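Accompanying notes for the structure given below.
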Amino acid sequence: MNFHSLLTPTIQASFKQATLQGQPEDRSLFYPNQLASLDADFINKIKEKSKLELALRVMQPFVGDDIPENELLRILDETLCFDIPMKKLSESVSILELFHGPTLAFKDVGARFMSRCIRYFTREENKKVTILVATSGDTGGAVADGFYDVEGVEVIILYPHGKVSPVQEKQLTALGKNIYALEIDGDFDDCQRMVKTAFADTDIQSKKNLCSANSINVARWLPQQLYYFLAYSQWQSETKPVVSVPSGNFGNLCAGMLAAQRGLPTQHFIAACNSNDTIPRYIESQIFSPRPTIATMSNAMDVSLPSNFIRIEAMYDKDLTRLQKDLSACTVSEDDTLAAIIQLYHQNQYIADPHGAVAFHALQSYLQQHPEQSGYFVETAHPVKFPDAISKALSLQIPIPASLEDLMKKEKQSTRMAANDNAFKDYLMSHHT
Ligand SMILES: *Cc1c(COP(=O)(O)O)cnc(C)c1O
């Protein structure tokens, strides 16, 4: 399977190249040349398949010959080393829990898969690589965990100062060894821009083998399809599910929609957004007009320029009318997010994190308009990572899970930096390991 740049289709790359390079030279995104439809027989038997069988069938077409099957199976087995349970909350609403991985965030699946692919490719070539990652909180932790103490790899994480929670900050800054944290005086979009600019800089490129770990990397984006296949294997209802995905950079949603394009049964998708509503406004008005990023409780979705949306547009040949049949977008205010956390707690004894709560609210609104349907929403993080929102909504504190206790005792190590492309360049040019 080859990939091409969405801007310049003649720029082609194998899975290996696309993974190591992150982004094509034209700074657009890699996109698969074929979507690799799955045959009906496979789809009908999804419920009988093991997790690993399913994962191999879903991922192998994209990886092709770049990783041998036994190695790919090992990578997938390590990637999916935790549960991805679906829980029924009511007749029409279920919840898909994606936070049982080592950093308690859904990004663990993509980060684990990608880090293991990169490890495989660099070991093969005996190369040193520098992973640059901009994070609004959760990505950095998952990527750091995936690459921690891996020889030949250094990870440089950029995160917005004061905008991540205490658990998240420890996950970003306390590992040490080959993991370096830069605390940026700016927001996530600044961090993302700094990373993008570094990738385009030939001086830096000649000094370091840069590799991106954001959800634009195909090795992070594509394995997220697995959630939706695993969700379907647990789906009980006769009707196809409406799927509500809390969306920031739109990688997760885009992976779900890719799964649907390949044949996975779904009724409809909902892009559940917080006040950063570029896409809901675009889908409604057909006018794309990003505004400055707004800080919200669901800070992993504080993104005003979602990178992955162009992949969704590509799936629909930029036909917005056709896209609207499969995708709705919903903007959820801070008040509605709090109300959703409260409702889930009182009606279902469920403690949702603010991202899951946004998705729940969006699903509930949609089902009110479509009462004959049922669906699930995606819970992307453990609520302990967002303690302020939980205590605000429910006046309670969630104990730190045992798996994080050691990490919380470690010391934060970070380098403070202005949101300035040149400052980052200087850092990279003088940074050596
Ligand atoms: C990253 C993240 C999201 C948004 O996912 P995208 O793929 O960027 O849309 C939602 N919730 C949590 C907890 C996250 O960490």
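The values are calculated or read from the model by the stated rules, or taken from the named source; none is laboratory data. This one's a predicted model, so the numbers in the text were calculated from it and none came from an experiment. In this analysis, Cβ positions are derived from the backbone assuming ideal geometry, glycine residues included, and neighbour counts consider all displayed protein chains. The accessibility values were calculated without ligands, DNA or RNA, using every heavy atom of the protein model including side chains. Shrake-Rupley method; radii C 1.70, N 1.55, O 1.52, S 1.80 Å.
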| field | Pairs, first among the aromatic types (Phe, Trp, Tyr) in the stretch 248-260, second more than 6 Å from the ligand (Cβ to nearest atom), C-beta under 6 Å, six or more apart | value | Phe250/Pro306; Phe250/Asn308; Phe250/Phe309
| request: Write out, first by first residue and then by second, each pair whose Cβ atoms fall under 8 Å of each other, whose residues are 6+ apart or on separate chains, and whose first residue, in the stretch 89-108, is in contact (Cβ under 8 Å) with a residue 24 or more places away in the chain and at positive phi while the second is open to solvent by 10 Å² or more (accessible area, probe 1.4 Å) and within 10 Å of the ligand (Cβ to nearest atom). | output: Leu104/His382
| task | With the checklist (1) within 13 Å of Ala219 (Cα to Cα); (2) in contact with a helix residue (DSSP H, G or I) (Cβ under 7 Å, 6 or more places away or on another chain); (3) modelled with pLDDT under 95 in hand, flag the one item Lys16 doesn't pass. | result | (3)
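Might you let me know whether the stretch 184-191 holds any residue that is among the aromatic types (Phe, Trp, Tyr) and free of Cβ contacts under 8 Å to residues at least 60 places away in the same chain?
Residues of the stretch 184-191 among the aromatic types (Phe, Trp, Tyr): 188.
Narrowing further to those that are free of Cβ contacts under 8 Å to residues at least 60 places away in the same chain: none.
No; the residues of the stretch 184-191 include none that is among the aromatic types (Phe, Trp, Tyr) and free of Cβ contacts under 8 Å to residues at least 60 places away in the same chain.
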| field | Unmet criterion (only one of (1) open to solvent by less than 30 Å² (accessible area, probe 1.4 Å); (2) at pLDDT 95 or above) for Phe386 | value | (2)
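Among the listed residues Ser328, Ser333, Ser304, which satisfies the condition of being farther than 19 Å from Phe377 by Cα and among the hydroxyl-bearing types (Ser, Thr, Tyr)?
Details: Ser328 fails: farther than 19 Å from Phe377 by Cα; Ser333 fails: farther than 19 Å from Phe377 by Cα.
Result: Ser304 is the single residue among Ser328, Ser333, Ser304 that is farther than 19 Å from Phe377 by Cα and among the hydroxyl-bearing types (Ser, Thr, Tyr).
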| task | Could you please give the count of residues in the stretch 36-72 that are open to solvent by 40 Å² or more (accessible area, probe 1.4 Å) and touching a residue at least 60 places away in the same chain (Cβ under 8 Å)? | result | 7
| So, in the stretch 123-146, of the ones that are free of Cβ contacts under 8 Å to residues at least 40 places away in the same chain, away from the ligand (no atom under 14 Å from the Cβ) and not basic (Lys, Arg), which residue ends up nearest to Phe424 (Cα to Cα)? | Gly146
| request: Please tell me if Val164 is hydrophobic (A, V, I, L, M, F, W, C), within 25 Å of Pro292 (Cβ to Cβ) and either out of contact with any Leu (no Cβ under 8 Å at 6 or more places or on another chain) or part of a loop (DSSP other than H, G, I, E, B) (or both). | output: yes
| task | Within the stretch 299-353, count every residue that is crowded, with 21+ Cβ neighbours inside 10 Å and charged (D, E, K, R). | result | 3
